[in-house]
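What follows draws every value from the coordinates through simple rules; no lab data is involved. In this text, all values refer to a predicted model and were calculated from it rather than measured experimentally. Here Cβ is always computed from backbone atoms with ideal geometry, including for glycine, and neighbour counts include all displayed protein chains.
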Amino acid sequence: MEEELRLLEEILYYSQQEPKRITRLDAASLKQCPTIYWTDEDAACRSNSINDGVCFVCLEELNPGQIMRICRRCKPATVQHVFHKDCLDWWFDIGSQCPICKISQSIS
Ligand SMILES: [Zn+2]
Ligand SMILES: [Zn+2]
């Protein structure tokens, strides 16, 4: 029992020493990813070319009337991956890359 406790303390110690690997997207970079109100027109003209009309974070459809956020730094520039705003905001809380193409959206 004592041995287990010692081990637990050791694990705890080292886990606290781990460098922080999570790099959230900073506010300035997030501002470069515009939010848009998704219209029927957007859904019609973009759904075939971008993400197949699906948000790759929650895997649900991008429906008209929802607020989306666009990754502006995907390559090539003609490809701008679109996600639900809430989904992408959550995603950028734990990372700074586009969920699809893994291009960093950080400007710094
Ligand atoms: Zn989503
Ligand atoms: Zn992308």
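Brief remarks follow.
- Rounded to the nearest 20 debye, dipole of the stretch 22-108 from Cβ charges on Lys, Arg, Asp, Glu: 480 debye
- If the chain linking residue 93 and residue 4 were pulled fully straight, counting 0.36 nm for each residue of separation and taking away their Cα-Cα distance, it would gain 28.6 nm.
- Contact order for the stretch 22-108, expressed relative to its length and based on alpha carbon pairs under 8 Å spaced 6+ residues apart, stands at 36 percent.
- Distant alpha-carbon pairs in the stretch 22-108 (separation over 21 angstrom), percent: 21 percent
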